[in-house]
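See below for the structure under consideration.
The values are calculated or read from the model by the stated rules, or taken from the named source; none is laboratory data. In this text the structure is predicted, and so the values were computed from the model without any measurement. Please note: Cβ atoms are built from the backbone with ideal geometry, for glycine as well, and neighbour counts cover all protein chains shown. Heavy atoms of the whole protein, side chains included, go into the accessibility calculation; ligands, DNA and RNA do not. Shrake-Rupley method; radii C 1.70, N 1.55, O 1.52, S 1.80 Å.
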2 protein chains.
Amino acid sequence: VTAGLAPIRTAALLATGEELVRGAVVDTNSAWLARKLRPLGVEVVEVRVVGDGLAPIRDAAVELAARVGLVVVGGGIGPTEDDRTREALANAAGVELVVDAEAQRQVAAFFARLGRTPSPSNARQASLPRGATVVENPVGSAPGFSVAIGRATVVALPGVPSEFRAMVESALLPWVAARRSEPVETRFLQVVGLPESVVGERIGRWMTAPPPPLVSMTVEFGVVHVCASDRGDAAGRARLDRCAAELRTALGDHLFSDRDETLAQLLVRELARRGQTVAVAESCTGGLVSAAFTDVPGSSDVLLEGCVVYTEAAKRRTLGVTEESLARHGAVSEVVARELAENVRRRTGATFGLSTTGVAGPSGGTAATPVGTVHLAVASERATVHVARRLPGDRDSVRRFAVVALLDLLRREMR
Amino acid sequence: VTAGLAPIRTAALLATGEELVRGAVVDTNSAWLARKLRPLGVEVVEVRVVGDGLAPIRDAAVELAARVGLVVVGGGIGPTEDDRTREALANAAGVELVVDAEAQRQVAAFFARLGRTPSPSNARQASLPRGATVVENPVGSAPGFSVAIGRATVVALPGVPSEFRAMVESALLPWVAARRSEPVETRFLQVVGLPESVVGERIGRWMTAPPPPLVSMTVEFGVVHVCASDRGDAAGRARLDRCAAELRTALGDHLFSDRDETLAQLLVRELARRGQTVAVAESCTGGLVSAAFTDVPGSSDVLLEGCVVYTEAAKRRTLGVTEESLARHGAVSEVVARELAENVRRRTGATFGLSTTGVAGPSGGTAATPVGTVHLAVASERATVHVARRLPGDRDSVRRFAVVALLDLLRREMR
């Protein structure tokens with residue numbers, strides 16, 4: 001990425017590709033990048049998604065470059081005919097496309113590492129706007145590049161999330177950080193188990209007051225993220241401390257973390273620190289609780305075993321749930337949730353046994369046990385705790401809410 | 001949604017919320033909606049994401065409404081102070097906000113169903129632009145609405161994906177379909193096991209030729225979706241049939257479906273039809289294979305059991321992997337993958353036993369078994385098949401690619 005002098009304060013993100021604008025693929029890069037840029041004092045003011053035509057990319061790049069200091073373009077630098085970001089940005093910068101020797105070397109090196117030969121179309125990937133600086137791609141075949149358009153720096157990266165993210169971490173963020181003159185301080189407060197409307201009422205005065213500090217709130221399947229930011233000087237930090245202390249009081253024990261981390265990350269870290277372990281027996285969540293733990297690097301020290309016991313036969317065979325419990329109370333019941341949690345704990349020797357059983361829908365609901373009903377349990381040496389919840393939304397939503405509610409139950413048991 | 005006469009041909013999507021523009025939450029609604037609108041002949045030409053300020057929402061709505069027939073706004077109609085879409089669209093339409101009796105009734109009915117009392121801030125949700133039509137929210141507390149801005153119809157829906165989607169399905173799509181005069185025909189071809197660049201070379205001539213048919217390609221963790229669309233008349237269908245036949249030949253047995261479905265949906269449908277079952281033993285994927293199956297309604301007839309055996313002790317205890325195999329070949333090896341698949345099949349009596357073992361990273365790689373190495377196996381009565389793959393990207397990427405590669409291995413065994 002080319003170096004410059006003035007700090008970057010505003011950025012816009014341009015995601016390109018028919019697959020995005022037509023909806024076959026979800027743009028997850030922009031949101032992730034916006035989150036990474038904010039602690040560096042860069043405010044993302046707009047995200048645009050356009051197709052992969054040359055003109056829409058060129059026009060959006062020119063328009064956004066006139067408005068912000070940094071435009072990050074994701075996508076359209078792959079090997080195929082419909083990858084037109086290189087050409088569009090060359091047009092926008094008013095320069096021609098030339099074969100870049102360094103880009104050529106990087107494409108060749110990528111295929112050599114995998115023991116493969118580049119396909120002829122991969123050669124396209126080494127043509128960059130004249131004057132562009134190559135950004136190495138440590139993960140895939142497409143090199144990125146940066147080019148000046150007007151007073152803005154425009155950085156083009158691959159759309160594939162793993163490549164986009166690797167290159168942002170290795171090249172873009174260090175470059176932005178190096179240009180930053182004025183530090184920004186951020187506080188995160190993560191809240192679980194309160195509806196958005198209630199969190200809004202408890203902390204509303206900070207969100208409607210004119211900044212600084214700038215306080216924003218976001219919600220995702222039962223977790224509310226509150227983010228407060230201010231200048232990194234003594235006055236800014238003092239304002240943030242005051243604000244954070246007030247928010248902490250308002251949110252009480254629903255606050256689970258003051259870091260930018262997921263509930264599963266917090267639990268894995270804390271369990272590992274204590275030398276404790278978990279084992280999971282899942283019915284309605286069908287693997288998502290185990291997946292939430294194993295998504296965290298280092299979870300192999302913590303998750304002893306996960307059992308997806310979707311059928312009654314599996315509940316009996318693997319976890320010794322009794323036929324009597326199933327017949328008398330039904331698979332979706334407090335009794336079965338408790339047996340699952342206790343038996344998976346006993347079977348594996350884990351510190352905590354966790355379980356879910358419920359009706360995720362769309363079918364399977366009854367008057368007594370409607371779709372959205374879930375029973376969750378956490379068993380430990382001390383006791384087995386249970387909660388029943390009625391969760392909103394479709395199958396996916398019920399399953400995701402159930403994962404968060406179960407992790408929160410474990411968090412409360414660990415206190 | 002208000003009725004009108006002319007068919008809708010173009011649409012723009014406006015996702016609002018600081019959480020989106022700042023990246024705390026990913027906008028998945030826009031992509032999903034674009035995908036639903038396309039078979040109805042509506043082309044999404046732009047997606048914009050702005051913060052939750054009144055002016056950015058109002059300005060974007062006015063600008064987009066001047067350009068397309070339908071603007072769908074997602075977000076900003078919740079109960080809190082920072083939900084400003086109602087006010088922004090009233091300003092954009094040049095009308096005032098008024099309490100809507102029907103919206104009020106729907107908010108009250110929602111809370112009654114859950115046996116809760118609306119919080120005072122929920123009352124905000126019944127204030128709509130004068131002249132707006134309420135869109136019922138079958139899932140959550142926030143009613144949607146539609147309002148005319150210039151010649152465009154602007155529809156405001158909640159940002160929460162389960163609510164957004166439920167309301168699009170129940171209200172928006174039927175309304176768009178009713179206005180459509182000219183049918184559109186779509187063919188889907190879904191491809192697994194070929195890199196994007198190779199698919200692009202094989203079908204490139206259809207993608208670069210001027211439409212119709214309009215052929216586009218999208219890629220997501222090892223699956224390439226090809227979508228071809230044309231007019232729904234005899235000539236259009238004939239062109240599509242010719243195109244699809246040629247693409248089928250070019251893509252061969254990498255083609256897994258001609259519906260808009262996931263690989264897991266295809267497998268659950270086909271296994272259920274045959275009365276066959278699967279059981280899963282997962283190491284590196286840590287629950288994601290089970291979660292992919294259980295994400296599909298009806299999978300309880302198909303998935304007998306899933307075992308997340310992340311640790312060596314779990315592999316031995318639950319699936320009888322021998323200490324000798326682990327010591328001699330390592331947990332990430334063909335031998336262990338085969339033992340896991342065969343033993344989970346034997347243990348559960350499933351038709352197919354599936355397994356994964358690998359190094360998802362970021363740590364745990366060695367020179368002999370670098371990060372990204374995965375061994376996958378499928379055991380059946382007939383034989384156990386195995387593939388070793390070296391998968392690209394970060395932990396998340398390796399895990400997702402591994403799920404798709406394993407499902408593809410099962411698909412090939414089922415032929």
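I'd like the mean, over residues of A:307-316, of how many other protein chain beta carbons sit within 10 Å of each residue's own Cβ.
6
Can you find, among B:Ala235, B:Thr249, B:Val223, the residue sitting farthest towards the positive end of the charge dipole of segment B:220-274, where Lys and Arg contribute +1 and Asp and Glu -1 at Cβ?
Of B:Ala235, B:Thr249, B:Val223, it is B:Ala235.
Closest beta-carbon to the B-to-A rotation axis: which chain B residue owns it, and what is the separation in whole Å?
B:Gly287, 2
Under the rule a/c < 1.5 gives rounded, and otherwise a/b versus b/c splits prolate from oblate, where does segment A:28-116 land using the Cα gyration tensor?
Cα axes put segment A:28-116 in the oblate bin.
222 nm [θ] for chain A, helices only, -39500 (n - 2.57) per DSSP H run of 4+, per residue, to 500?
Here the helix-only value at 222 nm equals -11500 deg cm²/dmol.
Taking Cα atoms, how many degrees apart are the long axis of helix B:196-208 and the longest axis of chain B, rounded to 10 and kept between 0 and 90?
40
Give me the one-decimal Kirkwood hydrodynamic radius in Å for segment B:277-415, with the sum taken over alpha-carbon pairs.
Taking every pair of different Cα atoms in segment B:277-415, averaging 1/r and inverting gives 14.5 Å.
Evaluate the distance, in nm, between pseudo-label points positioned 7 Å from the Cα of B:Arg237 and of B:Ala55 along their respective Cα→Cβ axes.
5.4
In whole Hz, what ³J(HN,Hα) sequence does segment A:124-130 give by Karplus (6.51, -1.76, 1.60; θ = phi - 60°), x for Gly and Pro?
3, 5, 9, 8, 10, x, 4
Measuring label to label, 7 Å along Cα→Cβ, what does A:Glu102 give against each other copy in nm, shortest first?
Spacings between copies for this position, smallest first, are 6.1 nm.
Restricting everything to alpha-carbon atoms, can you work out Rg to Rh for segment B:313-362 with a Kirkwood hydrodynamic radius?
0.98
Net charge around A:Ala314, counting only other residues with Cβ within less than 12 Å of its Cβ (Lys, Arg = +1; Asp, Glu = -1)?
+1
Averaged over peptide A:79-85, how many Cβ atoms belonging to another chain are found within 10 Å of each residue's Cβ?
5
Using the Cα centre as the reference, give the magnitude of the dipole from point charges on the C-beta atoms of segment B:95-144 (Lys, Arg: +1; Asp, Glu: -1; all else neutral), rounded to the nearest 20 debye.
Rounded to the nearest 20 debye, it is 180 debye.
Report the calculated FRET efficiency for B:Leu114 and B:Ala66 (r = Cβ-Cβ distance, R0 = 35 Å), to the nearest 0.05.
It comes out at approximately 0.30.
Treating the beta-carbon of each Lys and Arg as +1 and of each Asp and Glu as -1, no other charges, what is the dipole magnitude of segment A:1-150 about its Cα centre, to the nearest 20 debye? Don't skip to the answer; put the middle values down first.
Values: 15 positive and 16 negative charges, 89 e Å.
The calculated dipole for segment A:1-150 is roughly 420 debye.
Can you tell me the accessible area per residue over segment B:122-252, all protein chains present, probe 1.4 angstrom, in square angstrom?
Normalised by residue count, the accessible surface of segment B:122-252 is 39 Å².
Counting other Cβ atoms within 10 Å, keep those with at most 12, restrict to DSSP loop, and tell me which trypsin sites (Lys or Arg not before Pro) in segment A:136-222 are left.
Listed in order of number, the matching sites are A:Arg151.
Mind grabbing the accessible area of B:Asp241 for me, 1.4 Å probe, Å², rounded to tens?
Result for B:Asp241: roughly 80 Å² accessible.
Looking at chain A as a GNM with Cα springs under 10 Å, which of A:Gly74, A:Gly349, A:Gly144 has the largest mean-square fluctuation?
A:Gly349
Quick one: among A:Gly193, A:Gly320, A:Gly236, which has the greatest mean-square fluctuation in a GNM of chain A with alpha-carbon springs under 10 angstrom?
Looking only at A:Gly193, A:Gly320, A:Gly236, the largest GNM fluctuation is found for A:Gly320.
Please determine, in degrees from 0 to 90 and to the nearest 10, the orientation of helix B:334-348 with respect to the longest principal axis defined by the Cα atoms of chain B, where the helix direction is its Cα long axis.
Result, in degrees: 70.
Nearest 10 degrees is fine. How inclined is helix B:234-251 to the longest principal axis of chain B, computing both from alpha carbons?
That works out to roughly 30 degrees.
Compute from the Cα atoms of chain B the Rg and the Dmax, the latter being the longest Cα-Cα distance, and quote both in angstrom.
Here Rg and the maximum Cα pair distance are 25.3, 77 Å.
Can you list the residues, at least 5 places off or on another chain, whose amide H is less than 5 Å from the amide H of A:Thr369, using H built in the peptide plane?
none
Return the whole-Å distance between the Cα centroid of segment B:105-120 and the Cα centroid of segment B:374-403.
Measuring centre to centre over Cα atoms gives 48 Å.
Compute the FRET efficiency between A:Ala101 and B:Ala177 as 1/(1 + (r/R0)^6), taking r as their Cβ-Cβ distance and R0 = 60 Å, and round to the nearest 0.05.
For R0 = 60 Å, the calculated efficiency reads 0.65.
Using a label position 7 Å from Cα in the Cα→Cβ direction, what is the ascending list of nm distances from B:Thr249 to the same site in the other copies?
Result for B:Thr249, in nm, nearest copy first: 7.7.
Along Cα→Cβ, 7 Å out, is where each label goes; now give me the distance between the ones at B:Asp258 and B:Ala123 in nm to one decimal.
It works out to 5.9 nm between the two label points.
In whole Å, how far is the Cα centre of segment B:164-205 from that of segment A:231-245?
With segment B:164-205 and segment A:231-245 each reduced to a Cα centre, they are spaced 49 Å.
Using a label point 7 Å beyond Cα on the Cα-Cβ vector, give me the inter-copy distances for A:Asp59 in nanometres, one decimal, shortest first.
For A:Asp59, the other copies' label points sit at 1.9 nm, shortest first.
So for chain A, taking the charge dipole from beta-carbon charges (+1 Lys/Arg, -1 Asp/Glu), which of A:Asn29, A:Val199, A:Pro7 sits furthest toward the positive end?
A:Val199
Residue by residue through B:220-227, how many Cβ atoms from other chains fall within 10 Å of the Cβ on average?
Rounded to a whole number, the mean comes out at 3.
Taking 0.36 nm per residue of separation and subtracting the Cα-Cα distance, what length does fully extending B:Gln276 through B:His329 add? Mind dumping the intermediate values first?
On the way: separation 53, 0.36 × 53 = 19.08 nm, distance 3.18 nm.
Roughly 15.9 nm would be gained on extension.
Using a 7 Å offset from the Cα along the Cα-to-Cβ direction at both A:Thr249 and B:Arg317, what is the distance between the two label points in nm, to one decimal?
4.7
Length gain on complete extension for the stretch A:Val387 to A:Ala209, per 0.36 nm per residue less the alpha carbon to alpha carbon distance?
60.3 nm
If amide H atoms are built 1.01 Å from N in the plane of the peptide, which residues on other chains or at least 5 residues away come under 5 Å of the amide H of B:Glu81?
none
What is the magnitude of the charge dipole of the protein assembly as shown about its Cα centre, with +1 placed on the Cβ of each Lys and Arg, -1 on the Cβ of each Asp and Glu, and no other charges, expressed in debye to the nearest 20?
680
Expressed in nm to one decimal, what extension gain is obtained for the pair B:Arg269 and B:Arg412 from 0.36 nm per residue of sequence separation less their Cα-Cα distance?
Length gained, B:Arg269 through B:Arg412: 50.0 nm.
Apply the a/c threshold of 1.5 to the C-alpha gyration tensor of the protein assembly as shown and tell me whether it is rounded, prolate or oblate.
On the way: a/c = 1.33, a/b = 1.13, b/c = 1.18.
Because its axes are fairly even, with a/c under 1.5, the protein assembly as shown counts as rounded.
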